[in-house]
Structure formats: C-alpha cells, structure tokens
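Heads up: the structure comes next, in structure tokens.
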Ligand SMILES: [Zn+2]
C-alpha cells in the first residue's frame with residue numbers, strides 16, 4: 001500500500017467518525033424537556049395526583065442542581081433571569097420537580113417584577129399556601145400541591161379578576177406548548 005492510499009483510507013475513516021458524532025446532539029441541550037425530566041425522575045408525571053414524599057437526599061439525586069436549590073432549599077432565582085419572564089406562548093406550566101400542572105398560560109401576565117407572574121393557579125389543589133415571615137417580611141409562600149416544592153410567593157397586588165400576583169421562580173416551571181388542533 002503506498003502512502004497516498006493510506007492517507008485516503010485515514011481520511012475516509014475520519015469523515016465517517018465525524019459523521020457519527022454529528023448525529024449525536026450534545027446531551028445538555030435538552031435537559032429541561034419533560035421527557036428527560038421523566039427519564040431521570042421516577043415521580044415526574046403530568047397526570048399522577050398522588051402526593052410525593054421523598055427525603056431531601058433523594059430529591060438531591062434526581063433534580064438538576066438549579067431546580068433543587070429553588071424547590072427544596074427555597075432559593076430565589078435572579079430577577080429577569082428566567083426564560084419564562086417575557087414569554088407568552090400558549091400552553092401549561094408544570095412543576096419542574098414532579099410534573100404537577102400549576103398554571104395555564106392564559107393566567108400569565110406582564111408584571112415587570114422580574115419573575116414569571118400569574119393571577120391564578122390551575123386549581124385549588126395545585127398550590128399549597130404557607131405563611132413566610134423570613135427576611136423581616138410577612139409574605140405567603142406558594143408550594144407545589146403535589147410535592148411541596150418551593151415555587152415563590154403570592155401577593156395581593158395582581159390584576160383582575162383575582163387581584164393576586166403569583167410571583168414564581170421560572171427554574172421550577174416546566175412549560176409545555178398546547179397542541180394545535
Ligand atoms: Zn411538584
């Protein structure tokens with residue numbers, strides 16, 4: 001085999017290898033899609049209404065770090081950092097920790113407060129309300145009705161018809177676009 005022929009074969013192998021890799025998209029890109037959530041998270045469901053009770057250790061294993069920080073450690077995302085803040089597609093927002101349906105897009109409004117805001121939840125059962133006197137303020141914390149993930153707070157300066165403003169961390173929301181009929 002002469003040198004040119006060797007180079008040709010090597011070149012062909014290289015092309016073939018790069019095609020193989022090109023067909024495998026980077027894994028991180030789709031990490032927030034609910035299908036991936038379901039894969040890594042045994043309790044994730046948009047239809048199961050049974051309450052989720054799990055140890056913090058287990059939550060830490062199955063949730064992405066940013067979701068765990070807000071949902072379980074009651075953290076707050078930086079204002080104006082959420083992709084859902086200035087976002088008005090038609091669909092449903094689910095709890096990113098357990099898949100529980102929380103808000104419909106038609107209850108979302110432009111609050112300019114820096115976090116995704118809604119004037120009402122999907123149902124009474126979708127949210128749990130807890131008094132929160134931390135940081136020298138009297139606030140009402142809102143948690144997921146199914147898994148008790150911390151979502152944000154509710155204030156009484158919202159628009160009609162409820163007058164409420166559910167100020168929610170976008171990290172703990174998982175949006176799914178409505179299917180077109
Ligand atoms: Zn939940």
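Every number here is computed from the coordinates shown, using simple stated rules; none is lab data. The structure displayed is predicted, hence computed values, not measured ones. Virtual Cβ from ideal backbone geometry, glycine too; neighbours counted across all protein chains shown.
So here's what we get for this one:
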read-out: Ordering of 133-142, 150-159 by burial proxy (mean other Cβ atoms within 10 Å per residue, highest first); value: 150-159, 133-142
read-out: At R0 = 35 Å, FRET efficiency that the Cβ-Cβ distance of residue 139 and residue 40 yields, to 0.05; value: 0.65
read-out: Counting all C-alpha pairs of region 29-177, share separated by more than 25 Å (%); value: 21
read-out: Pairwise label distance in nanometres, residue 74 with residue 178, each label 7 Å out on the Cα-Cβ vector; value: 3.5
read-out: Gained length - residue 86 relative to residue 104, 0.36 nm times residue gap less alpha-carbon distance; value: 5.0 nm
read-out: In Å, descending, principal axis extents of the Cα set of region 99-181; value: 48, 28, 22
